[in-house]
There are 2 protein chains.
Amino acid sequence: MVAGDPPLYYRLHVFICTNRRPDGHPRGSCAGRGSEPLRDYLKARVKELGLGEVRVNAAGCLDRCELGPTLVVYPDGIWYRITNHDDVDEILTSHLLRGQRVPRLMLRPEDGPNGGSAVA
Amino acid sequence: MVAGDPPLYYRLHVFICTNRRPDGHPRGSCAGRGSEPLRDYLKARVKELGLGEVRVNAAGCLDRCELGPTLVVYPDGIWYRITNHDDVDEILTSHLLRGQRVPRLMLRPEDGPNGGSAVA
């Protein structure tokens, strides 16, 4: 953010990878690992809770295919791996509602592009 | 960001709406307004320039349909409307390369959810 930037439209904006590769692709894909129903579940829970300041979006390939299903929460830039409703609920309760982190589900720094952060 | 957060995987992460609604839908859609070739162009230019610290992703509906094609740049949280290659090039040169803003293409604060920011 720089001085003069407008306020954020959303306090938190979640992007869940729903990319699907063909069956048998060596990298697999988040949709192939079940991301779509998890996306639907998170969207439904956010709506039920009336969290209008949080938006949940599908995204194309986030390039963490082997670790999927993955999501990233902005503007925080925190990446998670989710595999079931309990994971989604914990991210919802801890991160999306309270701004905390869920270390057990966070991707590691070395899971970033080229084995680390791409930021110089 | 909170203390202890890992470094960002990407300096800037761009999400372009490629949602497509059926022809004749009253809100229209970003894909219906030409977002997909603009997404392809931006991805190709970022690759040509070797901007490994910038990632460009397709996204589902960003809910600014009437204003599309739209994109959002995180972690900055800056929203743009793009309509042609010149717009993409200007965002690339000014924002993605230099961290500046392109005011003529930015969505306005009142273009946010419910006519403003959803952040309390």
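The values are calculated or read from the model by the stated rules, or taken from the named source; none is laboratory data. Worth saying up front: this structure is predicted, and the values here are computed from it rather than measured. Ideal geometry is used to build each Cβ from the backbone, glycine not excepted, and the neighbour counts take in all protein chains shown. Side chains included, ligands, DNA and RNA excluded: accessible areas come from the protein's heavy atoms. Shrake-Rupley method; radii C 1.70, N 1.55, O 1.52, S 1.80 Å.
What total accessible area, in Å², is buried where chains A and B meet, using a 1.4 Å probe and rounding to the nearest 100? Buried area between the two chains comes out at roughly 3300 Å².
Taking a ≥ b ≥ c as the square roots of the eigenvalues of the alpha-carbon gyration tensor, the protein assembly as shown is classed rounded because a/c is under 1.5.
Applying a 4.7 Å Cβ-Cβ cutoff to chain B, the cysteines left without a disulfide-compatible partner are B:Cys61, B:Cys65.
Remark: mean inter-chain Cβ contacts per residue of B:48-54 equal 2, using a 10 Å Cβ-Cβ cutoff to other protein chain atoms.
Take B:Asp5, move 7 Å from Cα toward the beta carbon, and the resulting point lies 1.0 nm from the same point in each other copy, nearest first. Taking every DSSP beta bridge with both residues inside segment B:13-101, roughly what % is antiparallel (nearest 5)? Within segment B:13-101, antiparallel bridges account for around 60 percent of the total. Which whole-angstrom value gives the distance between the alpha carbon centres of segment B:97-116 and segment A:16-76? So the two Cα centres are separated by 26 Å. With contacts taken as Cα pairs under 8 Å and at least 6 residues apart, chain B reaches a relative contact order of 26 percent. Among the residues of segment B:1-45, those with an accessible-area drop of 10 Å² or more from chain alone to full protein complex, heavy atoms and 1.4 Å probe, are B:Met1, B:Val2, B:Asp5, B:Pro6, B:Pro7, B:Leu8, B:Tyr9, B:Tyr10, B:Arg11, B:His13, B:Phe15.
Rounded to the nearest 5, what % of DSSP beta bridges with both residues in the protein assembly as shown are antiparallel? So the antiparallel bridges amount to about 60 percent of the total.
Taking square-rooted eigenvalues a ≥ b ≥ c of the alpha carbon gyration tensor, is chain A rounded, prolate or oblate, where a/c under 1.5 means rounded and, failing that, a/b exceeding b/c means prolate? Note, shape of chain A comes out oblate.
The shape of segment B:1-47 comes out oblate: with a ≥ b ≥ c from the C-alpha gyration tensor, a/c is at least 1.5 while a/b does not beat b/c. With the label put 7 angstrom out from Cα along the Cα-to-Cβ vector, B:Gly34 ends up 4.3 nm from the copy partners, going from closest to farthest.
Accessible surface calculations at 1.4 Å, restricted to protein heavy atoms, place chain A at 45 Å² per residue. To put it simply, the accessible area of the protein assembly as shown at a 1.4 Å probe is 50 percent carbon and sulfur. Interface residues of segment A:73-116, defined as those with an accessible-area decrease of at least 30 Å² between the chain by itself and the complete set of protein chains (probe 1.4 Å), are A:Tyr74, A:Pro75, A:Asp76, A:Trp79, A:Arg101, A:Pro109, A:Pro113. Taking the label point 7 Å along Cα→Cβ, A:Asp86 and its counterparts in the other copies are spaced 5.7 nm apart, in ascending order. The mean number of partner chain beta-carbon atoms within 10 angstrom of a residue's beta-carbon across peptide A:56-65 is 5.
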